[in-house]
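Just so it is clear, none of the values below were taken in a lab; they were calculated from the coordinates. Predicted model only: the values in this text are computed from it and were never measured. Heads up, the Cβs are rebuilt from the backbone with ideal geometry, glycines too, and the neighbour counts pull from every protein chain shown.
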Ligand code: SF4
C-alpha cells in the first residue's frame, strides 16, 4: 500500500512538472492545433505519469510520449500506433488484460509489468534535447528505487537503452558500454537483466525492420528469464 502511495505521489509531481519550457510550450501548441480526426478530444497535454503494477518484475522504458497518442489520451502508449504493438505483445504474454487500449478509462491493466519513459512530455519531432532528458531523469531514478521487484528491464530502442544504462550507472552500477541490437541480453551486476529491442515505432514496424514475431520474441525471452 505504501509503495502504491509513493508511486502515486511521484506521478502527481510529474504531472505538475514544468522544468522544460520548450516542452511546456509545445504541449500547448499541440492541443491548439489538433488534427481533424481528434478535434473532439480534450488533449491531456501535460507530462505523462508512468503506470502499471507496483510489484512489477518487468519494466518497459519508452522514449517519449507521442503528441497525438499518449499526450492526447493521458496515458503512456494509449491510443498510439506503438501502443498497439506494445499492448498486444504484453497481452499475448499475460502482462496485460486487453490486447489494446485506446482511452485511459477503458479498464486496461498491466500485471507484473510497469511502463515508464525516458522523458514524459511529447517533444517536437519526437526529439528531446539532452538537457530535457537530464531534467526528467530524477523521476526515472526515483522509480528505480521504488520498483524494487524489477528483474527485467526492456528499453524500447537505442535511446531508451542508452538512457537506462546512464541512469543505472548513476545508481552506482558498474556497466560497460552495451551494444544496441534486437534481442540482446545483458545481465547487470545487481541481478537484473536488460533485454534490448527495436522500438515498435511506425518507422520500424511499417518498414519490416521490426515484425510481430521479432517483437513477441522479446517478451518470450523476458518470461523465460522470470521463470529461471
Ligand atoms: S520532460 Fe520531464 S522534466 Fe521536462 S517538463 Fe516534462 S516532466 Fe518535467
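One way to sum up the overall shape of the stretch 78-165 is the equivalent ellipsoid from its Cα gyration tensor, whose semi-axes run 23, 17, 12 Å, largest first. Put in order of Cβ neighbour count within 10 Å, fewest first, the listed residues 106, 80 become 106, 80.
Sequence-distant contacts, meaning Cα pairs under 8 Å at least 6 residues apart, place the relative contact order of the chain at 20 percent. Find, to one decimal place in angstroms, the Kirkwood hydrodynamic radius of the stretch 165-223, where the mean of 1/r is taken over every pair of different Cα atoms and then inverted. With all distinct Cα pairs of the stretch 165-223 included, I get 12.8 Å. If you fit an axis through the alpha-carbon atoms of helix 81-92 and take the longest principal axis of the Cα set of the chain, what angle between them do you get, 0 to 90°, nearest 10? With both axes taken from Cα atoms, the answer is about 40 degrees. Normalised by the number of residues in the stretch 1-113, the average gap of Cα pairs under 8 Å and 6 or more apart makes the relative contact order 22 percent.
FRET efficiency for the residue 227 to residue 129 pair, using the beta carbon distance and R₀ = 35 Å, is estimated at 0.30.
With one equal scatterer per alpha carbon and no solvent term, the Debye-computed log10 I(q)/I(0) for the chain at 0.10, 0.12 1/Å reads -0.41, -0.61.
The ranking of 31, 201 from fewest to most other beta carbons within 10 Å of each one's beta carbon is 31, 201. Shape descriptor for the stretch 38-88: Rg over Rh equals 0.99 (Cα atoms; Rh from the Kirkwood inverse mean 1/r). If both residues of a DSSP beta bridge must be in the stretch 1-155, then about 25% of such bridges are antiparallel. Helix 130-146 and the long axis of the chain differ in direction by around 60°, with both axes built from C-alpha atoms.
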